[in-house]
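Take a look at the structure below.
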Amino acid sequence: MTPLPPCPVCNSTLSYEDGSGNYVCPECAHEWPVAGEAATEETARVWRDAAGNVLQDGDSVTVIKDLKLKGGGGVVKQGTKVKNIRLVDGDHDIDCKIDGFGAMSLKSEFVRKS
């Protein structure tokens, strides 16, 4: 059994784990997450285009291959320029608006930074 950390507020050694992912101090009633140390070491995700260039919010990109649209029956043609992208976590990395198509999500592997 690993020793429990002392309370970060009052330094009491009587802390315990409550079973919902938190440590609790019975003396001062302070609660803190069990994985608190791991959460502070998160690394920032880096999005890259098809050529390996780093993408950032607000960049302009160009579509590198024809993309068929699901449900709408249309095609975003190769060479279409997309301005002011927003990067998001998920299967499709980029949220954007394309003239003539509206709001859309794209994968970063199908675009090249302009």
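With Cβ to Cβ distances under 12 Å as the rule, what net charge do the other residues near A51 carry (K, R +1; D, E -1)? Could you put the intermediate results ahead of the total?
On the way: positive: R48, R112, K113; negative: D49, E109.
In short, +1.
If the viscosity is 0.890 mPa s and the temperature 25 °C, what translational diffusion coefficient in µm²/s does Stokes-Einstein give for region 60-114 when Rh comes from Kirkwood over Cα pairs?
Values: Rh = 11.2 Å.
Diffusion coefficient, whole number: 219 µm²/s.
Using a cut-off of 13 Å between beta-carbons, work out the net charge of the residues near C7 (Lys and Arg +1, Asp and Glu -1, C7 not included). Kindly include the intermediate steps, with their values, before the conclusion.
Values: positive: none; negative: E17, E27, E31.
Residues close to C7 contribute a combined charge of -3.
Could you tell me the relative contact order of the chain? Use alpha-carbon pairs under 8 Å, at least six residues apart, and round to a whole percent.
Working: 193 pairs, mean separation 21.6, N = 114.
Relative CO of the chain lands at 19 percent.
Compare the Cα positions of Q78, V88, P6 along the charge dipole of the chain (+1 at Cβ of Lys, Arg; -1 at Cβ of Asp, Glu; about the Cα centre) and return the one farthest towards the positive end.
Q78
Pairs of lysines 8 or more apart, or on different chains, with alpha carbons under 13 Å: count those in the chain, would you?
So the count of such lysine pairs works out to 9.
At a 1.4 Å probe radius, carbon and sulfur cover how many percent of the accessible area of region 18-97? Each step should come with its number before you reach the end.
Details: 2550 of 5400 Å².
Taking all protein chains in place, region 18-97 shows 47 percent carbon and sulfur surface.
What is the distance, in nm, between label points placed 7 Å from the Cα along the Cα-to-Cβ direction at A44 and at S60?
Placing both labels 7 Å beyond Cα along the Cβ direction yields 2.4 nm.
Each label point is 7 Å from the Cα along the Cα-to-Cβ direction; what then is the distance between the points at N11 and H30, in nm?
1.1 nm
What per residue convex hull volume, in Å³, do the alpha-carbon atoms of the chain yield? Before the final figure, lay out the partial values.
Working: hull volume 20.1 nm³, N = 114.
In the chain, the Cα hull volume divided by residue count equals 176 Å³.
Treating only the Cβ atoms of Lys and Arg (+1) and Asp and Glu (-1) as charged, compute the dipole magnitude of the chain about its Cα centre; round to the nearest 20 debye.
Values: 13 positive and 17 negative charges, 251 e Å.
Taking the Cα centre of the chain as origin, the dipole is about 1200 debye.
The values are calculated or read from the model by the stated rules, or taken from the named source; none is laboratory data. Source: prediction; values computed, not measured. Glycine also receives a Cβ, built like all others from the backbone with ideal geometry; neighbour counts cover every protein chain displayed. All accessible areas refer to the heavy atoms of the entire protein, side chains included, with ligands and DNA or RNA removed. Shrake-Rupley method; radii C 1.70, N 1.55, O 1.52, S 1.80 Å.
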